[in-house]
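Visitor: Handing you this structure, nothing more for now.
Computed from the coordinates by the stated procedures, all read-outs in this text should not be read as laboratory data. Since the structure is predicted, the reported quantities are computational estimates derived from the model, not experimental observations. Methodologically, a virtual Cβ is constructed for each residue, glycine included, from the backbone with ideal geometry; neighbour enumeration extends over all protein chains shown.
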């Protein structure tokens, strides 16, 4: 039986922080600190670093460690920070997770093990993988259930891990029909599901909140807008939440379907938060027509990101 039930579950908006680079592709640690301050000022209840939207797959192990320590030291306890520690190896993932905990992480987020287009693990091996990670630490583990892994994680299997693995209790659900899966996971897992969370840039946020989601892990460009939706919903003001969602949906949709990983950086550069919105090759930078559409939509909403650094 999981032992986390005595703790107060993390809730609210925990956006993914982009990794900030210079125009030549080096880590921009000053920009990373400014990004951190902006995201906290914009109302983030917590932060997530080194996720896929952070281009974690483009970083060396040394760079991952540098970004993690830079952010955790700069946050200095102002908000909880989730560190993504995914790796194919159970041993490496457990070591990454222990290092994150020792550095001050509040939680780790982990995808099931996969490599390339075809290398997957069996359900028994996935269970053993998450048991190894859970046993290595004392902070919560969030399982990231995302199409990128190509791994089907059934609700009974997720609920079993929540029941049997001490530190597994949070689930970021971003597969198709996420709301239905969240609703079923809550019904099957009961009190062991400490954090049923929405993902995928909030494109299904209202449906997921209706299903019982208590957290949202979105892109990092406009936490203040997402807070308007989530806070209203949490206060029981469902009509106000839906109205806010309709207001912010064009921007949410643009990030989810057009700008992708580059969106938060493009907004942050436009608002003077960071100097460069570069992504690492082979990822393409944002095209100028996509950028123009993004900024046109964003300016109508006046998010903090466009004013923070001016």
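Visitor: Please go through segment 47-82 and give me each residue that is at positive phi and either part of a helix (DSSP H, G or I) or in contact (Cβ under 8 Å) with a residue 12 or more places away in the chain (or both), ordered by number. If you could, list the steps in order and put the result at the bottom.
Guide: Here is the first cut: in segment 47-82, the ones at positive phi are 50, 55, 76-77.
50, 55, 77 - these are the residues of segment 47-82 that are at positive phi and either part of a helix (DSSP H, G or I) or in contact (Cβ under 8 Å) with a residue 12 or more places away in the chain (or both).
Visitor: Shifting gears a bit: Among (1) at negative phi; (2) crowded, with 20+ Cβ neighbours inside 10 Å, there is one condition residue 200 misses while meeting the rest; what is its number?
Guide: Among (1) at negative phi; (2) crowded, with 20+ Cβ neighbours inside 10 Å, the lone unmet condition for residue 200 is (1).
Visitor: Considering 31, 25, which residue is assigned to a helix (DSSP H, G or I), over 27 Å from residue 112 (Cα atoms) and either within 12 Å of the chain's Cα centre (by Cα) or touching a residue at least 60 places away in the same chain (Cβ under 8 Å) (or both)?
Guide: Details: 25 fails: assigned to a helix (DSSP H, G or I).
Of 31, 25, the one residue that is assigned to a helix (DSSP H, G or I), over 27 Å from residue 112 (Cα atoms) and either within 12 Å of the chain's Cα centre (by Cα) or touching a residue at least 60 places away in the same chain (Cβ under 8 Å) (or both) is 31.
Visitor: Filtering segment 210-222 down to residues that are touching a strand residue (DSSP E or B) at 6+ places or on another chain (Cβ under 7 Å) and surrounded by fewer than 24 Cβ atoms within 10 Å (Cβ to Cβ), which residue is farthest from residue 45 (Cα to Cα)?
Guide: My answer is 212.
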